Amino acid sequence: KLRKLGYQLEKSKLLPELAAFYQYDNNFNDDAFTFTPPHLIGVGLNIPIFGSGMKIARIKQAKMELTKAENSAYMASQGLILSFTEAKASYSNALNKYQSNKENVELAKKIYQKTLIKFKNGMATSMELTQSQSQLLQAESTYYFTITELISAKNKLEKLNK
C-alpha cells in the first residue's frame, strides 16, 4: 500500500498546481493614507512544462518499487500455499506411517505371544524367543517415533491453517 501511494505521489508531481489566497487588512487608523486595499484576493497557477527528466525517472523508479512489492506479496502468498500443501502431505504421510506401524506392532505382539507359547511347550529355543522379543521392541520403538512425527506434522498443519 505504501509503495502504491508513493507511486501516486510521484505521478501527482507532474500535475499543475493551483493556489489561491484571500487577505483582509483592517487599518485601525482611518485617517492614515494607505495604498493597500482592505480586501486582497490572489490566484496562482504553476504548470510544470519543462523538467530535467528527474520527475519521470522518479515515477519510473516508484513504479518499479511498486512492482517489486507486488511481486514480493505474490511470492509470499505462493510460499504460504506451498508450505500448507507440504504440511498437509506430511501429515497424510505421517498418518499412513502411524497406521502401518500400529499394525506392525500388533503383528509383532502376536508373533511374540506364539513364540512364547512354543517356548513354554519346548518347541522353540530361547534364541527364537529373544529374537521375537527384540522384533517387538523394535516395532514399538518405531511406532512411538511415528507418533511423535504425527504430532509434529499435525501441529505444523494447524499452525499454518490459522
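The values are calculated or read from the model by the stated rules, or taken from the named source; none is laboratory data. If you're wondering where the values come from, they're calculated on a predicted model, not measured in any experiment. Here the Cβ positions follow ideal geometry from the backbone for every residue, glycine too, while neighbour counts run over all protein chains shown. Heavy atoms of the whole protein, side chains included, go into the accessibility calculation; ligands, DNA and RNA do not. Shrake-Rupley method; radii C 1.70, N 1.55, O 1.52, S 1.80 Å.
Key figures for this structure:
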{"quantity": "Residue check for T125: out of contact with any strand residue (DSSP E or B) (no Cβ under 9 Å at 6 or more places or on another chain), more than 29 Å from K154 (Cβ to Cβ), hydroxyl-bearing (S, T, Y) and open to solvent by 60 Å² or more (accessible area, probe 1.4 Å)", "calculated": "yes"}
{"quantity": "Matching residues, the range 116-139, being part of a helix (DSSP H, G or I) and touching a Lys or Arg at 6+ places or on another chain (Cβ under 9 Å)", "calculated": "E128, L129, S132, L136, A139"}
{"quantity": "Members of the range 107-118 found to be out of contact with any Ser or Thr (no Cβ under 7 Å at 6 or more places or on another chain) and open to solvent by less than 90 Å² (accessible area, probe 1.4 Å), listed by number", "calculated": "A108, K109, L116"}
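Here is a yes/no grid of residues against (1) open to solvent by less than 90 Å² (accessible area, probe 1.4 Å); (2) over 30 Å from A139 (Cβ atoms):
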{"position": "D25", "(1), (2)": "yes, yes"}
{"position": "I56", "(1), (2)": "no, yes"}
{"position": "E65", "(1), (2)": "yes, yes"}
{"position": "T85", "(1), (2)": "yes, yes"}
{"position": "L95", "(1), (2)": "yes, no"}
{"position": "N104", "(1), (2)": "yes, no"}
